[in-house]
Amino acid sequence: MAPPARYCVPGERLCSTEEATAGSGTYTRHGFIFSSLAGCLERKNEDNELPVVSVVRDSESQLLPNVGAVVTCKVCSINSRFAKVHILYVGSTPLKSTFRGTIRKEDIRATEKDKVEVYKSFRPSDIVLAKVISLGDAQSNYLLSTAENELGVVVARSEAGVQMVPISWCEMQCPRTHTKEFRKVARVQPQFLQT
Amino acid sequence: MPLDHRRLRGPEESQPPALWAAAAAEDEEDEKGAGAAARDPCALRPLFARAGLLSQAQGSAYVELGSGTKVLCAAWGPREAAEPGPGRLICEFRRAPFAGRGARGRPGAAAEREAEREAAAALREALEPAVRLGRYPRARLAVSALLLQDGGSALAAAVSAAALALADAGVEMYDLAVGCALCRPPAPAASWMLQPAEPEERRAAARLTLALLPALNQVSAVLGGGRGGPPEDWAQALRLGLDGCHRQYPVLRQSLLRAAQRRRSTPPS
Amino acid sequence: MASVVLSEAEKLYIVHGVQEDLRVDGRGCEDYRCAEVETDVVSNTSGSARVKLGETDILVGIKAEMGTPKLEKPDEGYLEFFVDCSSNSPELEGRGGEELGTDIANTLYRVFSCENSVDLKSLCINPKEHCWVLYVDVLLLECGGNIFDAISIAVKAALFNTRIPKVRVLEDEEGTKEIELSDDPYDCIRLNVDEVPCIVTLSKIGYRHVVDATLQEEACSLASLLISVTSKGAITSMKKVGKGSLDPESIFEMMETGQRVGKSLHIALQKILDEEENLGTSRPKVGFLG
């Protein structure tokens, strides 16, 4: 049977930095590791390396989209310059509250940026994979980019309301009406597919 | 038949009768005051703390002091903020309309709002050093304290409760914050007293509210005033208050641990 | 509050300088900047003062008006503070300035909450009915750091300068009271300001603390302690401001420093005020021209 879990509160000293490395939910000060969350202490031993000490809670509710993170978002409106989206997931963790983001026209594709048109890339209610490139300034919110092969639209519905199938890197087809619509299609990597 | 309020014209201004009956009440209070003076100035009041009791808030805490002060706090984790920059902590302090002794204050009255706003600012100053705001860029954290009953040391209790609520919400923090109030009775040679009750606080010659980050041994709030004294006198008060904070810490810590365990054993559906 | 943006290198320069007791403008850690105090600058007030502390520029006007005493204290007059800091800095326009204003006003109320800072009983005309209310209006003309200290100096100077006309209460046989204003405009009461405290702000920079921080130094400081000190060296109120926290030992040190600095500040201020007073009408008025 596993030893009873140790719980700790913020500010509790866990161990010295010589014994372990600080993981998530901790911080270091004056050569010691302290807890920064109220939760359960976890110690992971990696081979030959210092164990990683972290404090975990059951739900990682406090996650924020940070620069470089891949996020899942839903398009809510488009115009000729940018698409506005709601960020729903960071990685595979759902967010407790929605954060708004913007995909600008020049951040949609990596190449031929000048020929990109927003309405040929996204439509409202599309589900898009994107990467956070900046936290934005006073005028804009999170700035996102889909300028990678793996990023772009993953789920889209046709005008008939049926989920479309990607047929090329810039087109999707409705299985019922066989009409083709333009999208910035993502090549979803197999490891991200969940069934 | 409904009463016609327009016919029963009362005076335009009215005053609480308690003010004019003050003389009689004072004696009674003095007796109580004598009893209070007999109280050991270093003694802490019984403290009850419980974290994680509201289901709709992300984090919550309830703190009750033996003197009758009851504070309920709720905290919410990061939400989107309009302005960029580091995270911001938004604090709110409200008094229930029936919190105080005597006549019910009109909620939303200017003076009431002003006092609440000042207490909220003090709460923010006390909590900000404890929260790792750098971890929450472009987001705001919110904590709101509701004073259900004012039995003295209300702000101090609110600081403790708010810190518990934030920790319970899973906000990353450097440390908890523990609040403690002190007062000096009006008698000339009186010494400082920990955790005054409401009548003691009202008549005190000087008051002080402290907040301590116990694990880091850092003082995050000092707020006090009243009859002047040499620095040594205030230093003594500070030492007494910090000691009081340290002594309250185990109770608060226990309550948080219990909440964390409860969370673990009953995973959210 | 108005603030400046400093690079890390600039901050490091200031912090290291403070460590060596040498600040950017050549002062030591416990030195104030050169202060200019002038009283009686606005003629429509009962008392006024303008204080320039380095870049910081404060104008305080006090108007004495007749009002009814507060119910809890029927035999005392009272002070009302209002701080307006929206005038010149664009950052302080609107909400931000309003918040800072109420914050400063609340601090002033706390500083003056000590019962003997001003003799409020002398402001009473007849108990439960009439008293003098002193409206203390603070204008923040320019903000160059350390506004709390500058404001408290200006308030003290303005209170020193305040002249309240003498009134007499006449009662006839039927018990109706009448208030009579003295005919002689020079016949007025003055306030005793010996017990009026001044605020000393101690800003923690690195491991040391400095008084009278400039805007640049304030940007390097995470936490400061406001202490109000009377001329006798008694501390009447204290408050921590800023995002950071302080360790207990440094608070004790700060209180000692605050008392020491506050006492000498009071002596210097009183000397200036007395000198100005003795010049009488021969005093050349500088006003806003200087």
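Lys and Arg at +1, Asp and Glu at -1: add these up for the other residues within a Cβ distance under 14 Å of C:PHE160 and post the number.
Working: positive: C:ARG50, C:LYS156, C:ARG163, C:ARG190, C:LYS271; negative: C:GLU38, C:ASP40, C:ASP119, C:ASP194, C:GLU195, C:ASP274, C:GLU275, C:GLU276, C:GLU277.
Around C:PHE160, the charge tally is -4.
Just order C:182-193, C:101-112 by mean Cβ neighbour count inside 10 Å, highest at the front, would you? Please report the intermediate quantities before stating the final value.
On the way: C:182-193: 13.0, C:101-112: 20.7.
Final packing ranking: C:101-112, C:182-193.
Given C:ALA150, C:VAL286, C:ALA213, which one lies farthest toward the positive end of the charge dipole of region C:137-289, if we put +1 on the Cβ of every Lys and Arg and -1 on the Cβ of every Asp and Glu?
Farthest along the dipole direction, towards plus: C:ALA213.
Computed FRET efficiency, Cβ-Cβ of A:GLU19 and B:ASP243, R0 56 Å: what is it to the nearest 0.05?
Working: r = 32 Å, r/R0 = 0.57.
For A:GLU19 and B:ASP243, the calculated efficiency is 0.95.
Give the order of B:TRP76, B:TRP192, B:TRP234 when sorted by the count of other beta carbons within 10 angstrom, beginning with the fewest.
Working: B:TRP76 21, B:TRP192 24, B:TRP234 27.
Listed from fewest to most nearby Cβ atoms, that is B:TRP76, B:TRP192, B:TRP234.
Pick out, from A:VAL153, C:GLY233, C:ASN116, the residue whose Cα sits farthest towards the positive end of the charge dipole of the protein assembly as shown, with +1 on the Cβ of Lys and Arg and -1 on the Cβ of Asp and Glu.
Result: A:VAL153, furthest along the dipole toward the positive end.
For region A:70-189, compute the orientation-averaged projected area of the C-alpha convex hull (one quarter of its surface), in nm². Before the final figure, lay out each step's value.
Values: hull surface 29.6 nm².
So the Cα hull casts an average projection of 7.4 nm².
Rounded to the nearest 500, what is chain C's calculated 222 nm mean residue ellipticity when only DSSP H runs of at least 4 contribute -39500 (n - 2.57) each, over all residues? Before the final figure, lay out each step's value.
Values: 5 runs with 82 residues, N = 290.
Computed ellipticity for chain C at 222 nm equals -9500 deg cm²/dmol.
DSSP beta bridges in the protein assembly as shown, what fraction antiparallel, as a percent rounded to 5? Spell out each step's value before the answer.
Values: 139 of 160 bridges.
If I count the DSSP bridges inside the protein assembly as shown, around 85 percent turn out antiparallel.
In percent, how large is the relative contact order of region C:167-225, given Cα pairs closer than 8 Å and 6 or more residues apart?
Details: 52 pairs, mean separation 13.1, N = 59.
Once normalised by length, the contact order is 22 percent.
Note down the nm distance, to one decimal, between modelled labels 7 Å out along Cα→Cβ at A:GLN189 and at C:GLU55.
Taking the two extended label points, one gets 5.0 nm.
May I ask for the Kirkwood hydrodynamic radius of region A:7-56, worked out over all distinct Cα pairs and given in angstroms to one decimal?
Working: mean 1/r = 0.0961 Å⁻¹.
Kirkwood hydrodynamic radius for region A:7-56: 10.4 Å.
Computed on alpha carbon atoms, what radius of gyration and Dmax characterise the protein assembly as shown, expressed in Å?
In order Rg, Dmax, the Cα atoms of the protein assembly as shown give 31.0, 106 Å.
Measure nothing fancy, just the Cα-based angle from helix C:8-19's long axis to the longest principal axis of chain C, in degrees from 0 to 90, nearest 10.
70
Using a simple charge model, +1 on the beta-carbon of Lys and Arg, -1 on the beta-carbon of Asp and Glu, nothing else, what dipole does the protein assembly as shown show about its Cα centre, in debye to the nearest 20?
On the way: 89 positive and 102 negative charges, 846 e Å.
For the protein assembly as shown, the charge dipole is close to 4060 debye.
Would you mind giving the average projected area, over all directions, of the Cα convex hull of region A:1-116 in nm² with one decimal? Please report the intermediate quantities before stating the final value.
Numbers: hull surface 44.8 nm².
Answer in nm², one decimal: 11.2.
Just want the ordering: B:CYS245, A:CYS170, C:CYS29, from fewest to most Cβ atoms lying within 10 Å of their own Cβ.
Details: B:CYS245 25, A:CYS170 16, C:CYS29 21.
Arranged by neighbour count, lowest to highest, B:CYS245, A:CYS170, C:CYS29 become A:CYS170, C:CYS29, B:CYS245.
Take the Cβ-Cβ distance between C:ASP31 and C:GLU129 as r, set R0 to 41 Å, and report the resulting FRET efficiency rounded to the nearest 0.05. Write out the running numbers ahead of the final one.
Working: r = 49 Å, r/R0 = 1.20.
According to the calculation, E is roughly 0.25.
What average count of beta carbons from other chains do you get within 10 Å of the Cβ of residues in A:50-57? Display every interim value, and only then the final one.
Numbers: counts 0, 0, 0, 0, 0, 2, 1, 5.
For peptide A:50-57, the averaged partner shielding equals 1.
Among the DSSP beta bridges whose two residues both lie in region B:40-265, what percent are antiparallel, rounded to the nearest 5?
Values: 38 of 46 bridges.
Of those bridges, close to 85 percent are antiparallel.
Using 24 Å as the Cα-Cα cut-off, could you pick out the over-long pairs in A:LYS131/A:LYS180; A:LYS96/A:LYS180; A:LYS84/A:LYS113; A:LYS44/C:LYS243; C:LYS63/C:LYS263? Could the numbers behind the result be given before it?
Working: A:LYS131/A:LYS180 26 Å; A:LYS96/A:LYS180 35 Å; A:LYS84/A:LYS113 18 Å; A:LYS44/C:LYS243 35 Å; C:LYS63/C:LYS263 28 Å.
In this structure, A:LYS131/A:LYS180; A:LYS96/A:LYS180; A:LYS44/C:LYS243; C:LYS63/C:LYS263 exceed 24 Å between Cα atoms.
Arranged from highest to lowest average of other beta-carbon atoms within 10 Å per residue, in what order do the peptides C:273-285, C:54-66 appear?
Values: C:273-285: 10.5, C:54-66: 20.4.
Those peptides, ordered most packed to least, come out C:54-66, C:273-285.
Report the FRET efficiency, 1/(1 + (r/R0)^6), for A:ARG6 and A:ARG176, where r is their Cβ-Cβ distance and R0 is 56 Å, rounded to 0.05.
Numbers: r = 57 Å, r/R0 = 1.02.
Working from the Cβ atoms, E equals 0.50.
For the pair C:SER43 and A:ASP137, how long in nm is the line joining their label points, each one 7 Å along Cα→Cβ?
Taking the two extended label points, one gets 5.1 nm.
Taking chain C as a Gaussian network, where each spring joins two C-alpha atoms under 10 Å apart, which residue of C:PHE81, C:PHE252, C:PHE160 fluctuates the most?
C:PHE252
Neighbouring Cβ atoms within 10 Å as the yardstick, rank B:TYR249, A:TYR27 fewest first. Working shown, then result.
Details: B:TYR249 20, A:TYR27 17.
Taking fewest neighbouring Cβ atoms as first place, the list is A:TYR27, B:TYR249.
Dipole of region A:7-56, Cα-centred, from +1 at each Lys and Arg C-beta and -1 at each Asp and Glu C-beta, to the nearest 20 debye? If you can, show how the numbers build up before the last one.
Numbers: 4 positive and 7 negative charges, 51 e Å.
That gives region A:7-56 a dipole magnitude of about 240 debye.
Once both labels are modelled 7 Å past Cα along the beta-carbon direction, what's the B:ASP40-C:GLU142 spacing in nm?
That separation, rounded to one decimal, is 5.8 nm.
Taking beta carbons within 10 Å but only from partner chains, what does the mean come to for residues C:231-238?
Working: counts 0, 2, 4, 7, 12, 8, 10, 8.
Mean shielding count: 6.
Could you work out the local net charge near C:TYR207, counting Lys and Arg as +1, Asp and Glu as -1, over the other residues with Cβ closer than 14 Å to its Cβ?
Numbers: positive: C:LYS204, C:ARG208; negative: C:GLU20, C:ASP21, C:ASP247, C:GLU249, C:GLU253.
With Lys, Arg at +1 and Asp, Glu at -1, the net is -3.
Given +1 on the Cβ of Lys and Arg, -1 on the Cβ of Asp and Glu, and no further charges, what dipole in debye does chain C carry about its Cα centre, rounded to the nearest 20?
On the way: 30 positive and 51 negative charges, 126 e Å.
In total the dipole reaches around 600 debye.
Average partner chain C-beta neighbours within 10 Å, per residue of C:248-261? List each step's numbers first, then the result.
On the way: counts 11, 2, 2, 7, 6, 2, 2, 8, 4, 1, 1, 4, 1, 0.
The mean count of partner-chain Cβ atoms within 10 Å per residue comes to 4.
How many percent of DSSP beta bridges within region A:7-56 run antiparallel, rounded to 5? Don't jump to the answer; show the numbers that get you there.
On the way: 14 of 16 bridges.
Looking only at bridges with both residues in region A:7-56, the antiparallel portion is about 90 percent.
Sequence neighbours fewer than 8 away in the same chain don't count; with that in mind, list the aspartates and glutamates whose C-alpha is under 13 Å from C:LYS128.
Candidates past the 8-residue exclusion: C:GLU72, C:ASP75, C:GLU76.
If you take every residue apart from C:LEU108 with its C-beta less than 14 Å away from the C-beta of C:LEU108, what net charge results, scoring Lys and Arg +1 and Asp and Glu -1?
Details: positive: C:ARG110, C:LYS156, C:LYS239; negative: B:GLU114, B:GLU118, C:GLU80, C:ASP84, C:ASP103, C:ASP137, C:ASP149.
Around C:LEU108, the surrounding residues sum to -4.
Mind jotting down the distance between the C-alpha centroids of region A:87-163 and region B:64-126, whole Å?
39
Bear in mind these aren't lab numbers, they're just calculated from the coordinates by the rules spelled out. Values in this document were obtained by computation on a predicted structure and should not be read as measured data. Glycine gets a Cβ as well: all are built from the backbone with ideal geometry, and neighbour counts include every protein chain shown.
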